[in-house]
Amino acid sequence: MMKHIVFVIGNYKNGGVPMRSTNLANEFAKNGYDVDILVTGEIADDVFFTRAEGVKLVSLKKFSSFCKNDAEVNKIKRKQAKKISLLKKWRYVTKGFPAQDIKAENAIREIRKGEAMLPYAAKHQDSIYITFGVEYFDMTFCATKLFGSKVIYAERNAPEVDFPKDEKKKQQLLHLLKNASGAVLQTHDELEFFENTFKNAVVIRNPVKPDLPEPHKGGRRKVIVNFCRIAEQKNLPLMINAFIKLHEEYPEYSLEIYGNTVTENENSIRKKLIDVIEKLGAADYIKILPPRQDVHRMIRDCTVFVSSSDFEGLSNSMIEAMAIGLPCVCTDCLGGGAREMISYEENGLLVPMKDVDALYFAMKRMIEDDELRERCSKNAAKIRELLSAENIAKQWIEYIESVT
C-alpha cells in the first residue's frame, strides 16, 4: 500500500517553510509517496515554487467545510462532544483534587485543540504527519491521537528564541513534544536544545532549491546583495549601517535587498527601512527591491551575499547563495546554521551578531581580497550536491521508514 505523507504548515506563501515542504514533497512524490501539503491558514496564488504531480495542496478550512455533512466525521465529532460533556461533569467531582482536575482540564483542552483538524485526521487515519513548528504539532497530535497516527516534528527556526523564556511554559511545550513519533532538526544546536525531548531525533539539513542557475564565472558586478523575508530576525538595519561605512571607502558599490513580506508587520518593517535609508541620504546606493522568482539569476554575478540575521534555523537564502557560488558573509546567529555550513575563509566568512564593525570589515575583505573571494565562491558551490533535494529527501525517507 502506498504511504500517504502530510506536511502540516500555516500559510502557503513565499517563505522558507512552504518552499522547504514543497521541495521535499516533490521528491517524496518522485519516490512513490502520495503527498498532501495541508495548510491551516492562507494560500497565496503567486508563490515562486511549483508542485510536482502527485502533490496536493489542501486548505484545511475548505476540507472541513466539504466534510460538514460526512456521516463518519460527524459520528466522531459527536463522540468527542460527549467526552467533553462528561469531563466537564467530572470536574465538579475533581474540584477538591487538583491533580485529577488538571488531567480532566488537559483532556478537554486536547479535544478542543484538535477540533479544527479532526475532519481531515478522520479521513486520513493511516497517514504520516510532518508538522513544522510546535503550534502545528499540537493541533495535529490532538486531532490524530484518537486514531494512533504517526506525527513527526520538524523544526523550522531557532528554538532557543521561539520557545518561551518562562521555564514552566517552556517545559510544558517540551513535554508535549515527547509525544512525537520522531523529530527532524536542521542543526546540532537544535539537537542540543531538544536533548532528552524526543525518542528519535535526527539532524537533516534543508534542501537547496532545485534548478538553480550555475555559478557565475568571470568578473562580478559591484553589488552587495541579500534576499530574504523582511522580518525583525534578519536585522537588516545592521546590514544597512555596515554598508554605509563600506560605501564611504567604496562609493562605486551598491547594496540590493530583495525583500519578501508576508504579514502586515513585515510590510511595516519594509516601510520603516525605506524611510531610514532616505533619511540617511543613501537611497541612491541602497535599494529595497521586491522579491523575484528569478532572483538567483539576477544576483549570481554580484560580489558578495550578506546575511545579518540574529537567529535562523538553517537559512534558505544562505545555502542558495552558496550553491550558486556567491561569496558569503554571515552573522554567527542563534540556531547555528551558518556556523555549521560555513568554514571560515574556506567557503565564506562568519562574524559576530549585531557587530556593525565586524560586518563592515568582512565585506571589505571580500571586496579587497580576490584570492579569498574566489576560494569562497568555488568551495561554497560544493553544497549544491551535498544539499540537493534528491539527497536530502533520501535522508528523510530513510528516517520516516525507521520511525513508522
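The values are calculated or read from the model by the stated rules, or taken from the named source; none is laboratory data. As the structure is a computational prediction, the values presented were derived from the model and not from experiment. Cβ atoms come from the backbone with ideal geometry, glycine included; neighbour counts cover every protein chain shown.
What the table shows:
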read-out: Residue in the range 83-101 that is out of contact with any helix residue (DSSP H, G or I) (no Cβ under 8 Å at 6 or more places or on another chain), more than 30 Å from Leu314 (Cβ to Cβ), at pLDDT 90 or above and not assigned by TED's automatic domain parsing to the domain that holds Asp294 present; value: yes
read-out: Residue count for the range 328-349, restricted to those that are among the small types (Gly, Ala, Ser) and closer than 22 Å to Val223 by Cα; value: 2
read-out: Close pairs from the range 259-277: first within 23 Å of Asn316 (Cα to Cα), partner part of a helix (DSSP H, G or I) and polar (S, T, N, Q), Cβ under 7 Å, at least 6 apart; value: Thr261/Asn267
read-out: Answer residue from the range 57-76, given it is among the hydrophobic types (A, V, I, L, M, F, W, C) and within 34 Å of the chain's Cα centre (by Cα) and is surrounded by the fewest Cβ atoms within 10 Å (Cβ to Cβ) among those; value: Phe66
read-out: Some residue of the range 70-83 being among the charged types (D, E, K, R), assigned to a loop (DSSP other than H, G, I, E, B), touching a residue at least 24 places away in the same chain (Cβ under 8 Å) and out of contact with any Cys (no Cβ under 6 Å at 6 or more places or on another chain); value: yes
read-out: Tabulated pairs, the range 191-202, first without any contact (Cβ under 8 Å) to a residue 40 or more places away in the chain, second assigned to a loop (DSSP other than H, G, I, E, B) and not aromatic (Phe, Trp, Tyr), C-beta under 7 angstrom, 6+ apart or interchain; value: Thr197/Lys178
read-out: Residue check for Ile43: under 30 Å from Ile204 (Cα atoms), in contact with a Phe, Trp or Tyr (Cβ under 6 Å, 6 or more places away or on another chain) and surrounded by fewer than 19 Cβ atoms within 10 Å (Cβ to Cβ); value: yes
read-out: Set Lys82, Lys13: member being surrounded by 15 or more Cβ atoms within 10 Å (Cβ to Cβ) and among the basic types (Lys, Arg); value: Lys13
read-out: Test: Lys382 is basic (Lys, Arg), under 23 Å from the mean Cα position of the chain (by Cα) and either in the same structural domain as Thr131 (by TED's automatic domain parsing) or over 24 Å from Pro159 (Cβ atoms) (or both); value: yes
read-out: Subset of the range 16-37 (residues that are of a type in the set (Asp, Glu) and not in a strand (DSSP E or B)); value: Glu27
read-out: Test for Asp310: is it of a type outside the set (A, V, I, L, M), surrounded by fewer than 17 Cβ atoms within 10 Å (Cβ to Cβ) and closer than 21 Å to Leu255 by Cα; value: no
read-out: Which listed residue, of Leu289, Leu349, is crowded, with 19+ Cβ neighbours inside 10 Å, under 26 Å from the mean Cα position of the chain (by Cα), assigned by TED's automatic domain parsing to the domain that holds Leu236 and among the hydrophobic types (A, V, I, L, M, F, W, C); value: Leu349
read-out: Criterion (among the charged types (D, E, K, R) and closer than 23 Å to Val17 by Cα) met by exactly one of Asp355, Asp294; value: Asp294
read-out: Selection within the range 128-144 - crowded, with 23+ Cβ neighbours inside 10 Å and of a type in the set (Gly, Ala, Ser); value: Ala143
read-out: Selection from the range 352-373 of residues that are within 23 Å of Arg221 (Cβ to Cβ) and either buried (at least 16 other Cβ atoms within 10 Å of the Cβ) or touching a residue at least 12 places away in the same chain (Cβ under 8 Å) (or both); value: Leu359, Tyr360, Phe361, Ala362, Met363, Lys364, Arg365, Met366, Ile367, Leu372, Arg373
read-out: Segments classed as helices (runs of 4 or more DSSP H), wholly inside the range 100-173, with at least 3 members that are touching a strand residue (DSSP E or B) at 6+ places or on another chain (Cβ under 6 Å) and within 29 Å of Gly337 (Cβ to Cβ); value: 134-144
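Residues checked against (1) surrounded by 15 or more Cβ atoms within 10 Å (Cβ to Cβ); (2) among the polar types (S, T, N, Q):
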{"position": "Ala180", "(1), (2)": "yes, no"}
{"position": "Gln186", "(1), (2)": "yes, yes"}
{"position": "Asp189", "(1), (2)": "yes, no"}
{"position": "Glu195", "(1), (2)": "no, no"}
{"position": "Lys199", "(1), (2)": "no, no"}
{"position": "Val208", "(1), (2)": "yes, no"}
{"position": "Asp211", "(1), (2)": "no, no"}
{"position": "Lys217", "(1), (2)": "no, no"}
{"position": "Asn226", "(1), (2)": "yes, yes"}
